[in-house]
Every structure is written in structure tokens, then in C-alpha cells.
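K.L.:
Got a structure for you, written out below as C-alpha cells; questions coming shortly.
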Amino acid sequence: MTTTSSRHVVLAARPQGLPKPGDFRIESAPVPELSPGQVLVRNLWMSVDPYMRGRMSDRKSYAPSFEVGKPMEGRAIGRVVRSTHPSLKEGAVVSSMLGWREYFVSSGEGLNPVDPSLPLAAYLGVLGIPGFTGWYGLKMIGKPKPGETLVVSGAAGATGSLVVQMGKIVGCRVVGTAGTDDKCAYLTKELGADAAINYKKAGDLLEALRPACPTGIDIYFENVGGPLLDAVLRLVNPHARIPLCGMISQYNLDPPDPGPRYLFSMIGNRVLMQGFIISDHLNLYPEFLAEVGGWLKSGRLKREETVVEGLENAPRAFLGLFSGENLGKMVVKLAPEST
Ligand SMILES: NC(=O)c1ccc[n+]([C@@H]2O[C@H](COP(=O)([O-])OP(=O)(O)OC[C@H]3O[C@@H](n4cnc5c(N)ncnc54)[C@H](OP(=O)(O)O)[C@@H]3O)[C@@H](O)[C@H]2O)c1
């Protein structure tokens with residue numbers, strides 16, 4: 001299949017508060033001829049992730065800002081459809097950071113071949129950065145032990161759903177929070193969580209958590225921030241661990257909400273709270289892939305993706321992260337896998 005042009009998404013404007021469709025623009029550009037040693041990749045799947053909200057602003061952060069008027073970037077899985085490269089042959093499936101576009105030409109730098117016998121979209125979710133993030137944060141900071149109580153916020157999303165299942169594999173009591181009754185039913189009926197709380201309906205979060213955590217909280221895997229952290233801090237056990245993974249409830253607020261108010265509870269309880277950025281730990285990716293890929297292959301782990309079709313709908317998919325439209329990983333399908 002040959003193509004002469006490719007569409008991509010550019011950042012049209014820096015969002016104020018919650019991003020809106022007008023902050024994105026679809027453009028088209030000719031696909032260049034290949035020079036020796038290059039590949040043309042057609043993206044099959046692309047990821048939309050909460051951290052991209054930070055990259056849309058010009059605040060200093062661990063990841064560089066997107067430039068206004070330039071194509072956005074993010075993780076994608078694509079197939080090499082033309083090649084003059086010595087080792088990346090036509091048909092190879094590769095992971096890249098060149099999402100938000102249909103095709104791209106590359107020298108091969110930054111492209112990583114993936115095993116096509118595993119589901120390709122999973123490389124953006126449970127086998128990709130979100131799964132790796134959950135695995136690292138729970139295993140290395142949460143250090144779960146059988147019988148401990150693990151609370152996971154954003155539990156029905158890409159990262160949270162891996163943490164919930166991993167907590168059960170280890171033998172923890174697992175309590176998840178999510179924004180709809182359907183997501184809560186998914187957590188208890190499909191993923192094996194012991195209890196789930198719809199934080200939008202719960203009212204007093206402390207009173208909702210208390211019966212779900214009768215022996216207190218040993219680990220809180222934090223994905224959302226806001227009032228839930230306050231409630232958790234009032235129920236933590238001595239030597240509890242809090243991997244600070246994300247705070248999506250704050251990403252569109254400038255300034256962020258004040259709080260939390262119960263930090264002093266960490267002192268007497270000797271609680272460890274630790275932020276982390278997964279890209280600092282990429283050396284552990286092969287260990288993660290072996291363990292979690294094994295669970296996936298053996299059926300021990302469930303995966304879920306919410307699929308939005310077409311590059312033109314990628315901004316809508318991204319915006320949906322902030323209104324909870326995804327169960328599991330939000331992914332955009334850009335082309336059939338048979339491409
Ligand atoms: N530290 C790192 O290196 C790293 C790496 C990857 C991701 N993260 C962080 O991990 C978290 C989860 O990321 P993900 O990719 O797995 O996304 P995700 O959980 O699949 O999707 C985001 C979810 O956040 C929930 N949400 C949105 N607005 C909310 C709010 N105001 N209050 C509470 N919940 C809200 C929504 O679910 P509900 O329906 O439940 O509201 C939504 O489905 C994010 O905070 C992200 O920034 C950190």
C-alpha cells in the first residue's frame with residue numbers, strides 16, 4: 001500500500017483549564033520518499049495519556065512542552081510498510097513516540113520492535129507505560145505483602161486496573177475507587193477487587209472507605225489526588241506506603257486545590273509517600289514485560305481497552321480521559337492491524 005500524504009494533529013493553542021477541541025488541529029503533509037536506511041511506518045494504534053495535558057502547557061516539567069503549531073507526540077504502535085533499512089524489514093511492528101500521526105519516516109532511531117504474537121493495543125496499556133507504571137509503583141514503592149489492604153484510586157483506568165489485579169495476585173485486600181457504578185462493578189466482578197467505591201456518589205469519602213478497610217490502609221496507590229488522599233491519610237496504618245503516581249484531578253486546575261490537610265498523620269504512622277516518574281526506570285522494562293506478559297499469556301491478568309477510531313477523533317479520546325470515558329486503556333485505532 002502506498003500513500004502520498006499523511007494527517008497529523010498539531011497543538012493549535014495552549015489550553016486554559018480543561019482542554020477543548022479547538023486546542024487541536026488536523027493537518028496534512030506529503031510523505032517524503034525514503035532515503036537509504038529509512039523506514040516508512042503506518043501507525044496502527046496511538047495512545048492518549050493524562051501526562052500529555054502537562055505537555056500542552058508551557059509550565060516547566062519533567063517532559064518538554066509541545067510547541068504550538070507543531071505535531072503532538074506520544075506512544076504509538078505501527079507497522080513498517082516500506083523499508084530501505086538494513087534490519088527493520090517491511091511488516092515489522094514497532095513501538096515509537098511518534099503518535100498523533102498516520103505515517104512517519106524514520107531512520108529507525110527510537111523505534112523498538114514488539115512481539116506481534118501479543119495483542120498490539122496491549123503495548124499501549126497493560127504491557128506499555130501505564131502497566132509498567134502500575135507494576136513499578138506497587139512493587140518497588142508499595143512493596144505489598146499478603147493480607148495487607150491496598151487502596152487504588154483511578155482503579156478502572158489503564159494503570160489502576162493493573163495495580164488492582166497485581167494486588168490480588170500478591171494476596172492483598174484490594175479496594176478500588178472509580179467514577180461510575182459500572183466501573184465499580186467491573187472492579188469487583190471482573191478484576192476481583194474486594195470492594196469498590198464510586199467517588200462521585202459516595203459523599204463522605206472517609207465514611208465510604210472505613211467499612212471497606214476494616215483493618216486500616218497499608219498501601220494507597222495514588223492516581224487522582226484531591227479529597228480522597230485526605231480520607232486515606234485518616235485511615236493509614238503504621239508504616240503505610242503511598243506511591244504517588246498521578247493526580248489527574250489537579251491537571252486542569254491553575255492553581256491546584258489546597259491540601260491535603262491530614263499530612264501530620266504520616267508522622268506518627270511513619271508513612272512513606274514517594275513520587276516517581278516511570279521513564280527513570282526503563283532499565284526494568286524487560287523484567288516487567290517478562291512478569292506481566294507472562295500473566296497476560298496465562299490468562300491470570302485481564303485487559304480492557306476503550307477504542308476510539310480515526311485520527312480525527314484522537315482529541316476527543318484525549319479529552320475523554322478527564323471525564324472518565326475510558327474503561328481500561330483509552331486507545332485510538334488508526335488503521336487495521338492487517339495493514
Ligand atoms: N508517574 C508516572 O510516571 C506516570 C505514568 C503514567 C501515568 N501516570 C498517572 O497515572 C494516572 C492514571 O493514568 P492512566 O494513563 O492510567 O489514565 P486512566 O486511569 O486510564 O484514565 C484517567 C482516569 O482518571 C479518572 N479521572 C479523570 N478526572 C478525574 C478527577 N477529577 N477525579 C478523579 N478521577 C478522575 C477517570 O476515571 P473515573 O471514571 O474513575 O473518574 C479516567 O478514566 C494519571 O494521574 C497519570 O498522570 C503517572
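The values are calculated or read from the model by the stated rules, or taken from the named source; none is laboratory data. Here the structure is a predicted model, which means the values were calculated and not measured. In this analysis, Cβ positions are derived from the backbone assuming ideal geometry, glycine residues included, and neighbour counts consider all displayed protein chains. The protein model used for the area step is the full one, side chains on, heavy atoms only, and it has no ligands, DNA or RNA in it. Shrake-Rupley method; radii C 1.70, N 1.55, O 1.52, S 1.80 Å.
K.L.:
If each DSSP helix of 4+ residues adds -39,500 (n - 2.57) and the sum is divided by the residues in the chain, what number results at 222 nm, nearest 500 deg cm²/dmol?
P.N.:
-5500 deg cm²/dmol
K.L.:
To continue, here is another question. Once fully extended, how much extra length lies between residue 14 and residue 316, figured as 0.36 nm per residue of separation less the alpha-carbon to alpha-carbon distance? Write down the numbers at each step before the final one.
P.N.:
Details: separation 302, 0.36 × 302 = 108.72 nm, distance 1.62 nm.
Taking residue 14 through residue 316 to full extension adds about 107.1 nm, to one decimal.
K.L.:
Moving to a separate point now. Out of 48, 163, 114, any idea which swings most in a Gaussian network model of the chain, alpha carbons joined below 10 Å?
P.N.:
114
K.L.:
With only alpha-carbon pairs counted, each pair once and no self-pairs, how large is the Kirkwood hydrodynamic radius of the chain in angstroms?
P.N.:
For the chain, the Kirkwood estimate is 20.8 Å.
K.L.:
Which of the peptides 135-141, 283-289 is most tightly packed, and how do the rest follow, going by the mean number of other Cβ atoms within 10 Å of each residue? Numbers along the way, then the final one.
P.N.:
Numbers: 135-141: 21.6, 283-289: 14.7.
Final packing ranking: 135-141, 283-289.
K.L.:
With a sphere of radius 10 Å drawn around the Cβ of residue 165, what net charge do the other residues whose Cβ falls strictly inside it have (Lys, Arg +1; Asp, Glu -1)? Intermediate results must be reported in sequence, preceding the final value.
P.N.:
Details: positive: 168, 300, 302, 303; negative: 190.
Around residue 165, the surrounding residues sum to +3.
K.L.:
Could I ask something else about it? Could you work out the local net charge near residue 6, counting Lys and Arg as +1, Asp and Glu as -1, over the other residues with Cβ closer than 11 Å to its Cβ?
P.N.:
Taking every other residue near residue 6 into account, the sum is +1.
K.L.:
Before I look further, what does the chain give for accessible area per residue, probe 1.4 Å, in whole square angstrom?
P.N.:
In whole numbers, the chain has 44 Å² accessible per residue.
K.L.:
Here is a further query. Between residue 272 and residue 3, what is 0.36 nm times their sequence separation minus the Cα-Cα distance? Round to one decimal in nm.
P.N.:
Gain in length upon complete extension: 91.5 nm.
K.L.:
Let me ask another. Residues with beta-carbon under 14 Å from that of residue 297, excluding residue 297: net charge, scoring Lys, Arg +1 and Asp, Glu -1?
P.N.:
Values: positive: 300, 302, 303; negative: 115, 291.
Spelling it out: positives minus negatives among the neighbours equals +1.
K.L.:
Work from the charge dipole of the range 129-279 (Cβ charges, +1 for Lys and Arg, -1 for Asp and Glu, about the Cα centre) and give the residue of 172, 133, 229 farthest towards its positive end.
P.N.:
172
K.L.:
Related question: Subtract the Cα-Cα distance of residue 185 and residue 254 from 0.36 nm times their separation in residues, and report this length gain in nm to one decimal.
P.N.:
Between residue 185 and residue 254, full extension yields 21.5 nm more.
K.L.:
For a quick protection proxy, order the peptides 244-252, 53-61, 194-202, 325-333 by their average other-Cβ count within 10 Å, most packed first.
P.N.:
Most protected by this proxy first, the peptides run 325-333, 244-252, 194-202, 53-61.
K.L.:
Still on this structure: Quick check on packing: order 70-77, 18-25 by the mean number of other C-beta atoms within 10 Å, highest mean leading.
P.N.:
Working: 70-77: 20.5, 18-25: 15.2.
By packing density, highest mean first, the sequence is 70-77, 18-25.
K.L.:
Long-range amide H contacts for residue 329: which residues qualify at under 5 Å (H placed 1.01 Å from N, peptide plane, sequence gap of 5 or more or a different chain)?
P.N.:
304, 305, 306
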